[in-house]
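As structure tokens, the structure follows; a few thoughts come after it.
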Amino acid sequence: MKKIYHLICAALLAVGGMLATSCVGDLDQYPHIEQTSATVYTSVDNYKAVLGKLYVAFTIAGQEKGGGDADLTTNKGWDYMRNFFNMQECGTDEVVYTWLAGDNMTGLTYLSWDANDLIVSDMYYRIYYNIALCNEFLRNATDERIASFSEADQEEIRHFRAEARFLRALAYSHAMDLFRNVPFVTEADPVGNYVPPRYTSAQIFDYVESELLAIDADLLDRSACEYGRACRQAAYALLARLYLNAEVYSGEARWTDCVTYCLQVIKAGYSLEPDYAKLFNADNHLRTNEIIFALPVDATHTTSWGTTTYMVCGAINNASDFQVPADYGAVSGWGNFRMRPTLPSLFSDGDRRAMFFTEGQTLDIDVVEDQSNGYLTVKWTNLTDAGEAASNTTSDGASTDYPLFRLADVYLMLAEAVVRGGQGASRTDALSYVNLVRERAYGNKSGNIVEAQMTTDFLLDERARELYTECVRRTDLIRYNRFTTADYLWQWKGGSRDGQAVDNRFNYYPIPSTELTANPNLYNEGY
């Protein structure tokens, strides 16, 4: 793997091949950006096309169908969100992976990775590739660069610029959450043989917070924002999640700030989607009542073998005599992952969020590589509201979008922050939000809780019930100090059938050894 700071192929790679690029295959080579930038950044439409690349870099891995003409060479070639899912879910009490050796997933599954882990390396370089894209766009979107445009065009580009900063903040938040102390580079730094400094987790926290606050006025409100673009409320949701985990990242609890930004989202007029399952089907782009920000996935324009194609096909047993892929809008199953027994055991009768396929499956996982061990989640589908397959998943992938932020998560973040001492909302308010989530889950008030039941332990379990497989579980367990410790064990935690504690260094991932060689400012603590 080559040094990530050579990846300034950046914004010249526009959606759908609209714009040409002079990037070459060797990542040690630099594109001739000066000449091509002059021809690319000449109209609002071109700026928007390049902005589209910043978004789509989270869901696909290259310029051609299914990740062909790859943006960068990685070990497995998987897209950002497939890697992110594996990093956030495999190894937790939710997901167990099937193809351990073949997919290099042993380390993530057993919490035993090291600085040479291939999947960890892929995620790291995906994150910094996306940051490089955003930096290059921002170099070409300064007030000076757009001064010759009309005032209306300048205003629109300022909106684009704010979105690029949001996406960069999102990527940096993932870098901080996964790796803690990481290299820091922005559009203000030189392009070329620049060696970025190492920023601590607290410094990255401060930077992400400051960026999200600074772009508030330039992001569009949800009422004026196209679907799939980041609105102001998406930044508020990211701030809320940042503050929810602030003590882990910076050493200082920020519960009141979490409450504040949850309320900012809530007052924008979102409402819960009545049918939980419709949040995860191929028509979920219609759920803007609840979904605050989603990554669009489309079988025609953004074919991906990761992201939600992975969520749909990867969860279907490919060796089952009972499960029918077509029931979920898929042509075939891949058999990548199943659920550890701790997750389905959290649900009580009547909870419609318990979306598991159990026929022919055991609850317990005695053999990790045996696909019949462990229930299968059928939460994600490629079905339309009419119950029809939205696309051919074998040739075109799924057409289900990936919600990164939604209202139910905001309700539960607010409740936890209040229970932990956050000010700005009462326990009665928090309880009402929790019960709204549970009324949707049960279809009535039979699942409602009383205030005495609204404890931090209950809310951790409720977040699992509501948000399983949505890439928050590892972060939640770390916030509760239960990811590595003996306080909470699950099957195959630490590589043991009954679970065992692991070293606390596994609360974060190591910067790849290839990157340590390239940047002398970096080092790993504990690895």
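The values are calculated or read from the model by the stated rules, or taken from the named source; none is laboratory data. Just so it is clear, the model here is predicted, and its values are computed rather than measured. FYI the Cβ positions are ideal-geometry reconstructions off the backbone, even for glycines, and counts take in every protein chain you see. Each accessible area value is taken on the protein alone, full model and side chains, heavy atoms only, with ligands, DNA and RNA left out. Shrake-Rupley method; radii C 1.70, N 1.55, O 1.52, S 1.80 Å.
Values computed for the structure shown
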item: Every residue from region 450-463 that is open to solvent by 10 Å² or more (accessible area, probe 1.4 Å) and not in a helix (DSSP H, G or I); result: Val450, Thr455
item: Condition met for Tyr249 (under 30 Å from Phe85 (Cα atoms), hydroxyl-bearing (Ser, Thr, Tyr) and either in a helix (DSSP H, G or I) or open to solvent by less than 20 Å² (accessible area, probe 1.4 Å) (or both)); result: yes
item: Hits in region 147-163 - residues which are open to solvent by 10 Å² or more (accessible area, probe 1.4 Å), closer than 19 Å to Ala188 by Cβ and of a type outside the set (Lys, Arg); result: Ala147
item: One residue from Thr393, Thr384 being open to solvent by less than 20 Å² (accessible area, probe 1.4 Å), under 24 Å from Ile291 (Cβ atoms) and of a type in the set (Val, Ile, Thr); result: Thr393
item: Test: residue in region 100-112 that is more than 24 Å from Leu51 (Cβ to Cβ), assigned to a loop (DSSP other than H, G, I, E, B), open to solvent by 30 Å² or more (accessible area, probe 1.4 Å) and in contact with a Gly (Cβ under 7 Å, 6 or more places away or on another chain); result: yes
item: Any hit, region 291-313, residues being surrounded by fewer than 20 Cβ atoms within 10 Å (Cβ to Cβ), part of a helix (DSSP H, G or I), under 19 Å from the mean Cα position of the chain (by Cα) and not small (Gly, Ala, Ser); result: no
item: Selected residue (only one of Asp93, Asp69 is part of a strand (DSSP E or B) and not β-branched (Val, Ile, Thr)); result: Asp69
item: Hits in region 215-231 - residues which are open to solvent by 60 Å² or more (accessible area, probe 1.4 Å) and either under 10 Å from Phe166 (Cβ atoms) or hydrophobic (A, V, I, L, M, F, W, C) (or both); result: Ala217, Ala224
item: From the options Tyr468, Tyr442, residue that is open to solvent by 10 Å² or more (accessible area, probe 1.4 Å) and at pLDDT 95 or above; result: Tyr442
item: Exclusive hit being out of contact with any Phe, Trp or Tyr (no Cβ under 9 Å at 6 or more places or on another chain) and either modelled with pLDDT of 95 or more or not in a strand (DSSP E or B) (or both), set Asp351, Asp321; result: Asp321
item: Qualifying residues in region 409-433 (those that are hydrophobic (A, V, I, L, M, F, W, C) and surrounded by fewer than 24 Cβ atoms within 10 Å (Cβ to Cβ)) - the one nearest to Val297 (Cα to Cα); result: Leu431
item: Near pairs, Cβ below 7 angstrom, 6+ apart or cross-chain, from region 444-460 (touching a residue at least 12 places away in the same chain (Cβ under 8 Å)) to any residue that is part of a loop (DSSP other than H, G, I, E, B) and surrounded by 13 or more Cβ atoms within 10 Å (Cβ to Cβ); result: Gly447/Asp351; Thr456/Arg420; Leu460/Tyr480
item: Search result, residues across region 136-188 that are among the aromatic types (Phe, Trp, Tyr) and within 17 Å of Ala38 (Cα to Cα); result: Phe137, Phe149
item: Test: residue in region 356-370 that is out of contact with any Phe, Trp or Tyr (no Cβ under 7 Å at 6 or more places or on another chain), in a loop (DSSP other than H, G, I, E, B) and either open to solvent by less than 50 Å² (accessible area, probe 1.4 Å) or under 19 Å from Thr59 (Cβ atoms) (or both); result: no
item: Selection from region 389-424 of residues that are small (Gly, Ala, Ser) and closer than 18 Å to Leu242 by Cβ; result: Ala415, Ala417, Gly421, Gly422, Gly424
item: Residue in region 62-71 that is open to solvent by 10 Å² or more (accessible area, probe 1.4 Å), polar (S, T, N, Q), in contact with a strand residue (DSSP E or B) (Cβ under 9 Å, 6 or more places away or on another chain) and more than 30 Å from Glu462 (Cβ to Cβ) present; result: yes
item: Residue list for region 165-192, filter: farther than 16 Å from Tyr124 by Cα, without any contact (Cβ under 8 Å) to a residue 60 or more places away in the chain and not β-branched (Val, Ile, Thr); result: Arg165, Glu187, Ala188, Asp189, Pro190
item: Test: residue in region 164-177 that is in contact with an Asp or Glu (Cβ under 7 Å, 6 or more places away or on another chain) and open to solvent by 40 Å² or more (accessible area, probe 1.4 Å); result: yes
